[in-house]
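The values are calculated or read from the model by the stated rules, or taken from the named source; none is laboratory data. Computed from a predicted model, the values in this text were never measured in an experiment. Every residue, glycine among them, receives a Cβ derived from its backbone with ideal geometry; neighbour counts consider all protein chains shown. Remember, those area values only see protein heavy atoms, side chains included, never the ligands or the DNA or RNA. Shrake-Rupley method; radii C 1.70, N 1.55, O 1.52, S 1.80 Å.
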Amino acid sequence: MARLQDERDGPDTVVERFHATSGRVSGWLALVLSSLVVVAGLAYLDDGFPPWVAAAALLVAVLSWAAMLRPALWATEQHLVMRNLVETVHIRLAAVEELAVRQVLAVRAADRRWVSTVVGRSWRKSITAGRGGGEAGGAREGMSYPDFVDDRLHELVDHARSAAGVRPGSREQLALPDAVRREPAWLPIGLVAGASLVLVVSFFL
């Protein structure tokens, strides 16, 4: 029996979220340590604590959050969404020409290469990964998480291509409208710019 269509379902309904395979621990560590330096700088500013040190720590905290903690990866009914440092990229699944999980996730669409650092293999594993990987075969016992993501994304892309009636690399696929949509991430851009300005001003205090 077919699933009843929920009124909340639609092209932007999230069907799969992929968790980060690295960078989160070091990101949180850098954020906490730099935040402590900022707090110490504000507390001991009148006692001769260098303002530029606190300002630099603030910039490091912002960059740690934006570069290592903010990035995310998920798939909706129609798109693969990559949230990166300065933008969020929506890639139409049917428009994906090829993809692979190596040290990072690399996706080719609209004649360009798009990268997400959320999921990746170590350098050694990315070299030894079999070329036959990426065929949608479903979860297998003992499968690593990057392998699962690779298989799952290929499964979603194959389904989207079939629904759109296109083949990878075909003229029909390249002609698909709205293959890639990019949205600037104004919050991290603004925070990085603000923290950089504070650092510059701190040298004159």
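Data for the structure
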| item | result |
| --- | --- |
| In the stretch 61-78, the residues that are open to solvent by less than 20 Å² (accessible area, probe 1.4 Å) and touching an Asp or Glu at 6+ places or on another chain (Cβ under 7 Å) | Ala75, Thr76 |
| In the stretch 116-133, residue modelled with the lowest pLDDT [restricted to those that are crowded, with 16+ Cβ neighbours inside 10 Å and either in contact with a strand residue (DSSP E or B) (Cβ under 6 Å, 6 or more places away or on another chain) or among the hydrophobic types (A, V, I, L, M, F, W, C) (or both)] | Ala129 |
| Complete set of residues in the stretch 150-178 that are aliphatic (A, V, I, L, M) and either free of Cβ contacts under 8 Å to residues at least 24 places away in the same chain or part of a loop (DSSP other than H, G, I, E, B) (or both) | Val166, Ala175, Leu176 |
| Residue count for the stretch 16-45, restricted to those that are assigned to a helix (DSSP H, G or I) and more than 30 Å from Glu77 (Cα to Cα) | 20 |
| All positions within the stretch 179-199 that are in contact with a Ser or Thr (Cβ under 9 Å, 6 or more places away or on another chain) and outside any strand (DSSP E or B) | Ala185 |
| Filtered residues of the stretch 79-98 (kept if touching a strand residue (DSSP E or B) at 6+ places or on another chain (Cβ under 6 Å), surrounded by fewer than 21 Cβ atoms within 10 Å (Cβ to Cβ) and touching a residue at least 12 places away in the same chain (Cβ under 8 Å)) | Arg83, Glu87, Thr88, Val89, His90, Glu97, Glu98 |
| Only listed residue being modelled with pLDDT of 95 or more and surrounded by fewer than 16 Cβ atoms within 10 Å (Cβ to Cβ), chosen from Arg171, Arg167, Arg181 | Arg181 |
| Residues within the stretch 28-42 that are open to solvent by 70 Å² or more (accessible area, probe 1.4 Å) and either of a type in the set (Gly, Ala, Ser) or in contact (Cβ under 8 Å) with a residue 40 or more places away in the chain (or both), tallied | 1 |
